[in-house]
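Student: Okay, handing you the structure first.
Taken together, the values in this text are just the output of simple stated rules run on the coordinates, not laboratory data. Note that the structure is a prediction, hence the values are computed from the model and not measured. Here Cβ is always computed from backbone atoms with ideal geometry, including for glycine, and neighbour counts include all displayed protein chains.
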Amino acid sequence: MDLFKRVASAAAAVALLAAVSAPALAANVNVVVNGQVMSFDQPPVMRSNRVFVPMRAIFERLGSTVVYSNGTINAQGNGHAVHLHIGSTEASVNGNNFAMDVAPFTVAGRTEVPLRFVAQALGAGVSWNSNTSTVYINTSGGNNSPNQNYTPQPSTNASFHVTDESPANGATASSTHPAIHASFSEAVNRDSLRVSIDGHDVTTLVYANTNGFDVTPNFELAPGTHKVTLTGTTAAGAAFNTGWSFVTSARAAANYINNLSPGPGAKVASTFTVRGHTIPGSKVHVVATGTAAALGGLLQIGTGTFQNDVTADGNGNFSVSIGLNAVSGGQVRVILTSTSPSGASIERQVVYSS
């Protein structure tokens, strides 16, 4: 995977998945409601350029009662009814459906909600002072119209496009599981990136950084034309929706990776060896990362991530020694991509405990 070789060798490679996927503290962000500074037992956090605060503190401060059950947040107060769901951008305000650009989530056992959306949904006015990093909320200055789009959507960047795409636009792939990658014309908000192939969301399989992505589909592509679609926001905050198409030939070959050892779920040490079997002579690209939390989606390649390339012998056997500073009690994800001499590729992801 040429893209990630370049990323791994870059001295300015960004931080590992465990660091970047976790919400960042919204440093020195103040929240002022009706002239009074709020204090939180857990500081505001930032995700996708949005400020999140603990659910109960903000709802109650704005005069609403809130009930949380099985991932659903129901709030009532001041003539407003707000319904949110953990991990979902779908929301209901006074019986009207809205699409947020960010979703509530949990961290350290606390439920975090997007501050602007919640405040505006409850009828308050919201403003932001970038000079002082302060959110001002005025409960008498809101727009109570149920038709209001409470979360401003980012502007669209019509000039955004992908470059160095592979398979190239209109090209014919010789694999039923082709390795797909592209670079971006400008930096993106990595956590906003969504990738689909023929309408199938493959985001959880994606390797991504702010400058590009790689993914190998985990389903076989039938002969014919296939569409790669990318959506998200740029680092500057503008939305994009772009992609390209390629063709899989009728004689496209399949590859395989099997007989992996250790098997999925096995406990591994900081240094361990992965062995397996694939098409003889295949190049096997190996990426591994460890974290104290559960892994999933948008693996970021950066400094500290293990990477190596090995070649399967004449019988198709390969082995690679992996060294990580794995956290005891955490998880290790190993991603193996095998590309045969004919170009047929396949990807396997294995999660171990550490």
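Student: Give, in whole angstrom and from largest to smallest, the semi-axes √(5λ) of the equivalent ellipsoid of the stretch 154-283, with λ running over the eigenvalues of the Cα gyration tensor.
Tutor: For the stretch 154-283, the ellipsoid semi-axes come out as 30, 21, 11 Å.
Student: Give me the distance in nm between label points sitting 7 Å out from Cα along the Cα-to-Cβ direction at S321 and S196, one decimal.
Tutor: It works out to 4.6 nm between the two label points.
Student: What distance in nm separates the two pseudo spin-label positions at N97 and V32, each 7 Å out from Cα along the beta-carbon direction?
Tutor: 3.9
Student: Another question, then. Mind giving me the FRET efficiency for V247 and S342? R0 is 22 Å, r the Cβ-Cβ distance, nearest 0.05 is fine.
Tutor: 0.85
Student: For a quick check: with amide H placed at 1.01 Å from N, whose amide H comes under 5 Å from V107's, ignoring anything fewer than 5 positions away on the same chain?
Tutor: Placed amide hydrogens put E112 under 5 Å from V107.
Student: Could you give me the ³J(HN,Hα) list for the stretch 272-281, computed from phi with Karplus coefficients 6.51, -1.76, 1.60 and θ = phi - 60°, whole Hz, x at Gly and Pro?
Tutor: Those phi angles translate into 8, 10, 9, 10, x, 9, 8, 5, x, x Hz.
Student: Can you list the residues, at least 5 places off or on another chain, whose amide H is less than 5 Å from the amide H of A173, using H built in the peptide plane?
Tutor: Residues meeting the amide H criterion: V247, T248, S249.
Student: Also, I was wondering about something else. Please turn the phi angles of the stretch 121-129 into ³J(HN,Hα) values with the Karplus equation 6.51 cos²θ - 1.76 cosθ + 1.60 (θ = phi - 60°), one per residue in order, whole Hz, x for glycine and proline.
Tutor: Taking θ as phi minus 60°, the curve returns 5, 8, x, 8, x, 10, 9, 10, 9 Hz for the stretch 121-129.
Student: If each of S133 and V107 carries a label point 7 Å out from its Cα toward its Cβ, how far apart are those two points in nm?
Tutor: 1.3
Student: According to the square roots a ≥ b ≥ c of the eigenvalues of the Cα gyration tensor, what is the shape class of the stretch 73-134, taking rounded for a/c under 1.5, prolate for a/b larger than b/c otherwise, and oblate for the remainder?
Tutor: oblate
Student: Hey, what do the phi angles of the stretch 250-266 turn into as Karplus ³J(HN,Hα) couplings, whole Hz, using 6.51/-1.76/1.60 and θ = phi - 60°, x for Gly and Pro?
Tutor: These are the phi-based 3J(HN,Hα) values: 5, 9, 4, 9, 9, 10, 7, 9, 9, 6, 6, 9, x, x, x, x, 5 Hz.
Student: For the stretch 156-253, what is the percent of antiparallel DSSP beta bridges, rounded to the nearest 5?
Tutor: So the antiparallel bridges in the stretch 156-253 amount to around 85 percent.
Student: With an 8 Å cut-off on Cα pairs and a minimum separation of 6 or more residues, tell me the relative contact order of the stretch 156-253 in percent.
Tutor: Normalised by residue count, the contact order of the stretch 156-253 is 36 percent.
Student: Just report the Cα centroid separation between the stretch 60-113 and the stretch 210-263, whole Å.
Tutor: What the calculation gives is 34 Å, centre to centre.
Student: Further question: Please list the three semi-axes, largest first and in whole Å, of the ellipsoid equivalent to the stretch 24-138, using sqrt of 5 times the eigenvalues of its alpha carbon gyration tensor.
Tutor: The three semi-axes for the stretch 24-138 are 20, 16, 13 Å.
Student: Continuing with this model, one more query. Length gain on complete extension for the stretch Q42 to E186, per 0.36 nm per residue less the alpha carbon to alpha carbon distance?
Tutor: Numbers: separation 144, 0.36 × 144 = 51.84 nm, distance 3.43 nm.
Gain on stretching Q42 to E186: 48.4 nm.
Student: Test of understanding: ordering W128, W244 by Cβ neighbours within 10 Å, fewest first, what list do you get?
Tutor: By the 10 Å Cβ count, ascending: W128, W244.
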